[in-house]
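> Sending over a structure as structure tokens; questions will come in a sec.
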Amino acid sequence: MMKGIREKYNAAFTEEAYRQLLADLNEDLENKIAFRIAETPVFIDEDFKNKLIAAGNDLVKTVLRADFKQLTERAIPEVWRAAHETAHPHFLTFDFAVCRGADGELVPKLIELQGFPSLYGFQAELAAQFQKRFPVTRGLSPYFQNGDEQTYFDLLRRTILGNHQSDEVILLDINAREQKTAVDFYITARHLGIAIVSLEELRQHGDQFYYIKDGAEHPVHRIYNRLIFDEVENKEEAFSQIPDLLNSDQVEWVTHPNWFYRISKYTMPFLKSAFVPQTMFLSDVEAIPADLQNYVLKPLFSFAGQGVIIDVSEADIKAIKDPANWILQEKVNYEPVVKAPDGEVKCEIRLMYVWPDGDAEPTLAINLARLSRGKMIGVRYNKDFDWVGGTVCLF
């Protein structure tokens, strides 16, 4: 979208520099990065950056509503409801498709949102590696607040550590070192000095939690939560050694598990913005739209695009047994805007907010982008393509 820099980048691009970038990102990792890194950043001009900020501000207004928790209470599955919920989430992410508006101008349109952390460590590293290997990108920034990497990680440290020492804070996930996002875990741990702990490694003595490092027990007072509870196949087995984790008042969650459900597809029907496609709970749809080709059908409680019906039929809608757990959403048409050497590529941009304790509102800090040539954004729709995958926007 910054034509001059795009032309210079494409002219200077070499496969060797790209391979070196990937080697740098994979250096010292136990397992190589499990997702594809695109060959290019996305270059965002001031006009579109301001549209992204305005779109994010509209969504934040809904999260700040006094009745937001009341609106989203049904979103939390009782089996995973955790006690001692925080007043606000510590992280917000909003995914926008880059589209062409009726006026011919580019516009962001909301796809999904989450009250859950994303690749906050990795995106900073990815931007730095692009700037190292492709000099034309130097002088641009992935940060919204006109800060630098140090300022950004200071904000992240304040959010994740709170008032605790780094050895009292852990990054928690199921089989943490085997996750596709493990590279982000290692970068975050390196910057903040926290331990990466798998759920099965967490231990409990009485009402206290701890982990073992270098043969010594370390108390856990705060959890940087990367655990998606719906991915726990057997709750009883997974929590057999730590039965009180969800109800404990001895640990602080960053971010609290309930926010993962509150800020999700469930939230979309409550959002009012020019940047949000019309979205309805299927149970509230009184008459099936005649132009179903302009809608998609999404299950509320699924992830990574699973269960989404793109080409919706009346029969699909009538076959849904639990319409209260589905949304009917106006279809968003991605505009190919990133110029690759052999054509143009579609783009999705994630705004990533950080919300430390004590701050009145979240801070829009960094971003993530995904490039696609397939029907949908995602690995399964982009096999065997190049100039697709995860990347970062630079301003």
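> Which of the helices (runs of 4 or more DSSP H) found entirely inside the stretch 1-70 contain at least 2 residues meeting this: of a type in the set (A, V, I, L, M), surrounded by fewer than 15 Cβ atoms within 10 Å (Cβ to Cβ) and touching a residue at least 12 places away in the same chain (Cβ under 8 Å)?
Here the list reads 46-63.
> List, please: which pairs have Cβ atoms under 6 Å, are six or more places apart or on different chains, and start with a residue in the stretch 145-170 that is basic (Lys, Arg) and end with one that is modelled with pLDDT of 95 or more and in a helix (DSSP H, G or I)?
ARG157/LEU192
> Exactly one condition in (1) under 15 Å from TRP387 (Cβ atoms); (2) more than 24 Å from the chain's Cα centre (by Cα) is not met by ALA66; state its number.
Against the list (1) under 15 Å from TRP387 (Cβ atoms); (2) more than 24 Å from the chain's Cα centre (by Cα), ALA66 comes up short only on (1).
Residues are listed down the side, and each one gets a yes or a no for (1) in contact with a Cys (Cβ under 7 Å, 6 or more places away or on another chain); (2) small (Gly, Ala, Ser); (3) within 20 Å of PRO356 (Cα to Cα):
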position	(1), (2), (3)
GLY121	no, yes, yes
ALA127	no, yes, no
GLU149	no, no, yes
GLN165	no, no, yes
ILE174	no, no, no
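> Quick check, is ARG157 surrounded by fewer than 19 Cβ atoms within 10 Å (Cβ to Cβ) and either farther than 17 Å from LYS32 by Cα or outside the structural domain of LEU351 (by TED's automatic domain parsing) (or both)?
Against the criterion (surrounded by fewer than 19 Cβ atoms within 10 Å (Cβ to Cβ) and either farther than 17 Å from LYS32 by Cα or outside the structural domain of LEU351 (by TED's automatic domain parsing) (or both)), ARG157 qualifies.
> Follow-up. Check off (1) at pLDDT below 95; (2) over 23 Å from the mean Cα position of the chain (by Cα) for LYS32 and give me the number that stays unchecked.
Tallying (1) at pLDDT below 95; (2) over 23 Å from the mean Cα position of the chain (by Cα), LYS32 fails exactly one: (2).
> Taking GLU78 as the residue in question, decide whether it is in contact (Cβ under 8 Å) with a residue 40 or more places away in the chain, acidic (Asp, Glu) and closer than 30 Å to GLU231 by Cα. It would help to see each step written out before you state the result.
Values: in contact (Cβ under 8 Å) with a residue 40 or more places away in the chain: no; acidic (Asp, Glu): yes; closer than 30 Å to GLU231 by Cα: yes.
Answer is no for this residue.
> Go through the stretch 172-192 and count every residue that is more than 16 Å from the chain's Cα centre (by Cα) and either in a helix (DSSP H, G or I) or surrounded by 15 or more Cβ atoms within 10 Å (Cβ to Cβ) (or both). Spell out the reasoning first.
Going residue by residue through the stretch 172-192, those that are more than 16 Å from the chain's Cα centre (by Cα) are 172, 174-178, 186-187, 189-192.
Then drop every residue that is not either in a helix (DSSP H, G or I) or surrounded by 15 or more Cβ atoms within 10 Å (Cβ to Cβ) (or both), which leaves 172, 174, 176-178, 186-187, 189-192.
Going through the stretch 172-192 one residue at a time, the tally reaches 11.
> Looking only at the stretch 134-161, which residues are modelled with pLDDT under 95 and farther than 26 Å from ASP24 by Cα?
GLN145, the sole residue that qualifies.
> Kindly indicate whether TYR266 is modelled with pLDDT of 90 or more, of a type outside the set (D, E, K, R), surrounded by 16 or more Cβ atoms within 10 Å (Cβ to Cβ) and more than 26 Å from ARG157 (Cα to Cα).
Yes.
The values are calculated or read from the model by the stated rules, or taken from the named source; none is laboratory data. Since the model is a prediction, treat every value here as computed from it, not as a measurement. Positions of Cβ are generated from backbone atoms using ideal geometry, with glycine treated the same way; all protein chains shown enter the neighbour counts.
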